[in-house]
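> Before I ask anything, here is the structure I am working with.
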Amino acid sequence: METLEFRYPARDPVGRRAHVGVVGSGDLEVLLEPSGDGEARVRIRTTVDGYGQVWRNVLDRLFSRYHGAAAIEVNDFGATPGMVLLRLEQAIEESAP
Amino acid sequence: MSAPVTEPRPLARESFIELTARERVRAVLDAGRFRELLSPFDRLHSPWLERQGVVPQEDDGVVLARGRIDGEPAVVAAVESAFQGGSIGEVAGTKIACALELVARDHARGVPTRPVLLLETGGVRLQEANLGLAVIAEIHAAIVALRPRVPVVGVVAGMVGCFGGMSLAAALCSHLVMTRQARLGMNGPEVIEQEAGLDELDASDRRLVWSLVGGEQRHATGLADALVEDDVAAVAAAVRAAFRSGRPARHRTEQVELFLDRLAAIDPAGPPEPAALRQAWGNEEGA
Amino acid sequence: MSGSSSSASRGATWLAALTGADGAVQGGPASVRVVDAPLGDERARFLAVVPDPGSRFPRARSGEVGLAEAWALARHVREAIAADADGARRPLVAIVDVTSQAYGRCEELLGIHLACAAAVDAYATARLSGHPVVALLVGSAMSGAFLAHGYQANRIVALDDPGVLVHAMGKSSAARVTRRSVAEVEALGEKILPMAYDVRAFARLGLVDELVGGVNADAPIGDDAARVRRSLVAAVASARSGARHLGCRLTSAAARETRAASIEVRRRLVEQWSGA
């Protein structure tokens with residue numbers, strides 16, 4: 001198990017908190033809340049070690065078009081990058097003001 | 001659609017089994033009544049998993065929500081089988097036990113809260129061994145204490161089934177609802193095969209396993225009260241029907257003489273086939 | 001492990017040591033021994049599950065709780081509840097030395113989950129009816145067998161002995177299931193408290209009311225039985241003066257430390273229960 005943290009600049013307010021997914025095979029749980037400042041923070045717990053760069057790529061891609069000041073917590077159980085992106089987008093959609 | 005439908009088809013069914021625990025809870029409660037307790041944002045996850053290198057889930061695999069059932073106050077607890085096989089750890093089990101205790105407190109205060117358990121669980125979470133066992137004992141204690149006040153309704157819908165110490169919790173319920181896909185047994189088939197050998201039970205023989213511990217067999221032998229289709233509306237209706245029928249005159253676990261007599265009539269050297277047991281214990285309704 | 005050299009199980013040994021010859025209650029399988037015997041200044045019902053190589057259920061011949069055992073426990077406990085309904089509730093002492101529940105095809109078909117639940121129900125009902133229920137751990141207290149025989153007690157007393165083992169799964173099974181060696185399983189218990197097998201670790205979870213040291217757990221000698229009897233009398237008195245639910249398991253100093261999560265879950269749930 002590995003814990004990773006990322007930060008991105010942000011400017012848009014987050015409407016409300018959102019929760020999607022489960023910590024089950026090939027899936028992940030995402031908790032998204034307003035960060036309370038002008039920054040987006042992502043904290044990841046993952047069963048699979050050594051994929052920091054892959055996580056960074058997924059998040060770079062996401063935060064190139066999403067600018068919410070969100071505190072995001074991810075509990076990952078071996079999801080593919082595609083699945084990760086899908087869950088993050090679901091959480092963002094649910095959290096829209 | 002141009003061509004007429006030629007054969008009669010059931011109205012569109014929505015699978016209950018395929019729902020997540022949170023969706024299952026919503027499906028059982030009256031529409032629009034759902035207030036989650038100890039939600040993932042309370043972050044009461046297991047304190048034992050991370051130090052063993054296992055990623056926790058923020059609700060520890062039990063979804064708890066208050067709402068209404070047939071207009072009456074209710075609480076529903078559902079085990080999420082996708083997380084650690086629906087296993088019961090310290091936090092998960094305490095959520096269920098304490099909720100049942102609070103239902104009893106509600107009743108003492110004149111609030112007729114209805115308790116529902118959606119059980120999809122392999123039993124004790126091995127990473128929390130003795131605490132999993134301890135909280136399951138607390139769940140048992142809470143069900144026995146609550147049953148005289150209000151029926152405790154259990155549902156085993158399927159995918160994982162209900163095993164280990166939690167199978168005792170299911171057996172303690174006042175009413176037990178199952179689907180054909182569900183299984184209910186104390187020891188999982190794999191454990192029996194491992195402990196007693198392939199001759200005792202071939203765990204890969206699905207037909208055999210279901211013939212022993214499947215929902216249809218459990219219902220036909222009187223060890224479950226209702227057999228329903230894997231359908232959201234059917235499960236919700238069965239739960240409501242269970243509360244309408246009230247508390248049973250005697251719970252199954254109180255019928256000690258009956259089951260001792262039944263056991264005395266069994267020859268363990270040549271135990272009955274599942275079909276013969278239906279005849280002997282019988283709830284055979286030809287369904 | 002100790003005890004393998006003696007033919008009698010620890011459960012049988014301690015039942016005999018604590019009760020003497022009189023007062024055996026008839027009417028069960030040979031694997032369930034029940035004795036009504038003096039304890040302090042009253043009579044208590046002692047119940048033990050013991051190996052029966054001649055059991056008609058082959059999967060329950062070595063001290064497991066099988067179908068016959070679980071239903072018989074339920075019957076003997078309920079018999080005491082019924083007999084005492086209008087008078088003093090006698091203490092029930094579950095002498096715990098159970099290796100596991102019975103694993104078998106016939107057991108599942110015939111509903112061993114229901115049988116064990118019936119034993120749970122009987123013990124819990126006795127406790128709720130005012131019977132002081134005390135579990136005395138003298139050997140293995142494993143998994144579903146412990147749930148059915150002992151875990152519903154108001155008080156848990158245990159011999160402080162390396163042969164007293166508590167767990168959700170036997171060591172060799174746990175090793176097979178988790179693909180570890182037995183040594184690795186044991187090592188894990190040293191790191192993760194609820195994973196440990198030994199009774200001292202179990203006590204640190206706040207689940208033991210008294211650890212009784214200084215007795216010969218395999219073969220009680222001299223003052224040993226009297227020593228344990230004194231602890232049982234104290235546990236009975238404590239149970240009578242306490243609540244009929246299991247809340248006391250969370251109040252000890254040990255529980256406040258190791259079961260902080262349980263306590264926090266309960267605190268927050270009470271807080272949220274009646275909210276908007």
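> Quick one: helix A:81-94 against the long Cα principal axis of chain A, what's the angle to the nearest 10°, folded into 0 to 90?
The two axes meet at around 30 degrees.
> Next up: If neighbour count is taken as other Cβ atoms inside 10 Å, put C:258, B:94, A:3, B:253 in order from fewest to most. All intermediate terms of the calculation are to be shown ahead of the outcome.
Numbers: C:258 20, B:94 29, A:3 10, B:253 26.
So the ranking, lowest neighbour count to highest, is A:3, C:258, B:253, B:94.
> Over the residues of the stretch C:1-145, compute the C-alpha Rg and express it relative to 2.2 N^0.38 Å.
So the Cα radius of gyration is 1.00 times the expected 2.2 N^0.38 Å.
> Moving to a separate point now. Over chain B, what is the relative contact order in whole percent, taking alpha-carbon pairs under 8 Å and six or more residues apart?
15
> Right, next: Given points 7 Å out from each Cα along the Cα-Cβ axis, report the residue C:237 to residue A:5 separation in nanometres with one decimal.
Taking the simple label geometry, residue C:237 and residue A:5 are separated by 5.5 nm.
> Also, I was wondering about something else. What is the average number of partner chain Cβ atoms found within 10 Å of a Cβ in B:267-279? Working shown, then result.
Numbers: counts 2, 13, 4, 1, 7, 3, 1, 1, 0, 0, 3, 0, 0.
Across B:267-279, the average partner-chain Cβ count within 10 Å equals 3.
> Averaging sequence separations of C-alpha pairs under 8 Å and six or more residues apart, then dividing by the length of the stretch C:127-276, give the relative contact order as a whole percent. Intermediate values should be presented prior to the final figure.
Values: 197 pairs, mean separation 37.9, N = 150.
Dividing the mean separation by the residue count of the stretch C:127-276 yields 25 percent.
> For chain B, what D do you get in µm² per second when you plug the Kirkwood radius from alpha-carbon pairs into Stokes-Einstein at 25 °C and 0.890 mPa s?
Details: Rh = 19.7 Å.
After rounding, the answer is 124 µm²/s.
> Provide the net charge surrounding residue A:90, with neighbours chosen by a C-beta distance below 13 Å and charges set as Lys +1, Arg +1, Asp -1, Glu -1. Show your work: numbers first, answer last.
Details: positive: A:87; negative: A:27, A:29, A:89, A:93, A:94.
That sum, taken over residues with Cβ under 13 Å, equals -4.
> Also, quick follow-up: Which of the trypsin sites (Lys or Arg not before Pro) found in the stretch C:139-203 are in a DSSP loop and have at most 13 neighbouring Cβ atoms, other than their own, within 10 Å?
Details: sites: C:155, C:171, C:176, C:179, C:180, C:191, C:200; in loops: C:179, C:180.
Here the sparse-neighbourhood loop sites are C:179.
> Go ahead and estimate [θ] at 222 nm for chain B from helices alone: -39,500 (n - 2.57) per DSSP H run with n ≥ 4, summed, over the residue count, rounded to 500. Intermediate results must be reported in sequence, preceding the final value.
Working: 10 runs with 106 residues, N = 287.
Rounded to the nearest 500, it is -11000 deg cm²/dmol.
> With the contact rule set at Cα under 8 Å and sequence spacing of 6 or more, what percent relative contact order holds for chain C?
Relative contact order here is 16 percent.
> Give the angle, between 0 and 90 degrees and rounded to the nearest 10, that separates the Cα long axis of helix A:52-63 from the longest principal axis of the Cα atoms of chain A.
Helix A:52-63 sits roughly 30 degrees off the main axis of chain A.
> Just check the stretch B:188-287 against the gyration tensor rule for me: Cα atoms, a ≥ b ≥ c as the square roots of the eigenvalues, rounded for a/c under 1.5, and otherwise prolate or oblate depending on whether a/b exceeds b/c.
Values: a/c = 2.15, a/b = 1.35, b/c = 1.59.
Oblate is the answer for the stretch B:188-287, as a/c is 1.5 or above yet b/c matches or exceeds a/b.
> Using a Gaussian network for chain C with springs between C-alpha atoms less than 10 Å apart, which of these wobbles most: C:172, C:143, C:252?
C:172
> Assigning unit charges at the beta carbon (Lys, Arg +1; Asp, Glu -1) and nothing else, what dipole magnitude in debye, to the nearest 20, does the stretch C:165-276 show about its Cα centre? Intermediate results must be reported in sequence, preceding the final value.
On the way: 18 positive and 12 negative charges, 81 e Å.
It comes to approximately 380 debye.
> Taking the Cα centre of the protein assembly as shown as origin, sum charge times position over the Cβ atoms of Lys and Arg (+1) and Asp and Glu (-1), and report the length of that vector in debye to the nearest 20.
Details: 73 positive and 82 negative charges, 290 e Å.
Result for the protein assembly as shown is approximately 1400 debye, rounded to the nearest 20.
> Within the stretch A:15-57, which trypsin sites (Lys or Arg not before Pro) sit in a loop by DSSP and count at most 11 neighbouring Cβ atoms inside 10 Å?
Loop-located and lightly packed - A:16.
> Next question, about the same structure. Given Cβ point charges of +1 (Lys, Arg) and -1 (Asp, Glu) and nothing else, what value in debye, to the nearest 20, does the dipole of the stretch A:2-95 about its Cα centre take?
On the way: 11 positive and 15 negative charges, 42 e Å.
Magnitude of the dipole: close to 200 debye.
> Hey, another quick one. For the stretch C:1-75, place one equal point scatterer on every Cα, skip the solvent, and apply the Debye formula. What is log10 of I(q)/I(0) at q = 0.20, 0.23, 0.28 Å⁻¹?
-0.87, -1.06, -1.31
> Quickly estimate the mean residue ellipticity at 222 nm for chain C, helices only: each DSSP H run with n ≥ 4 gives -39500 (n - 2.57), and the total goes over all residues, rounded to 500.
Details: 11 runs with 116 residues, N = 276.
Theoretical 222 nm ellipticity from helices: -12500 deg cm²/dmol.
> If you don't mind, another one. Extension gain residue B:245-residue B:198, at 0.36 nm per residue separation less the Cα-Cα distance, in nm?
Numbers: separation 47, 0.36 × 47 = 16.92 nm, distance 4.25 nm.
Extra length available between residue B:245 and residue B:198 comes to 12.7 nm.
> Also: So for chain C, taking the charge dipole from beta-carbon charges (+1 Lys/Arg, -1 Asp/Glu), which of C:21, C:152, C:68 sits furthest toward the positive end?
So the residue furthest toward the plus end is C:152.
> Sort the following peptides by mean Cβ neighbour count (other Cβ atoms within 10 Å, averaged over residues), highest first: B:38-49, C:95-106. Intermediate values should be presented prior to the final figure.
Values: B:38-49: 20.5, C:95-106: 26.9.
In decreasing order of mean packing, B:38-49, C:95-106 become C:95-106, B:38-49.
> Between A:32, A:85, A:67, whose Cα lies farthest towards the positive end of the dipole of the stretch A:2-95 when Lys and Arg beta carbons carry +1 and Asp and Glu beta carbons carry -1, centred on the Cα centre?
The residue sitting farthest along the positive end of the dipole is A:67.
> I've got another one for you. Which of the DSSP-defined H helices in chain C satisfy a minimum axial length of 18 Å, computed from C-alpha atoms, and a minimum mean Kyte-Doolittle hydropathy of 0.0? Spell out each step's value before the answer.
On the way: long enough: C:67-83 (24 Å, 0.52); C:112-128 (24 Å, 1.07); C:224-241 (26 Å, 0.18); C:260-273 (19 Å, -0.39).
Span-like helices, by this rule, are C:67-83, C:112-128, C:224-241.
Just so you know, all these numbers are worked out from the coordinates, no wet-lab data involved. Computed from a predicted structure; not experimentally measured. All Cβ positions, glycine included, derive from the backbone under ideal geometry; neighbour counts span all protein chains shown.
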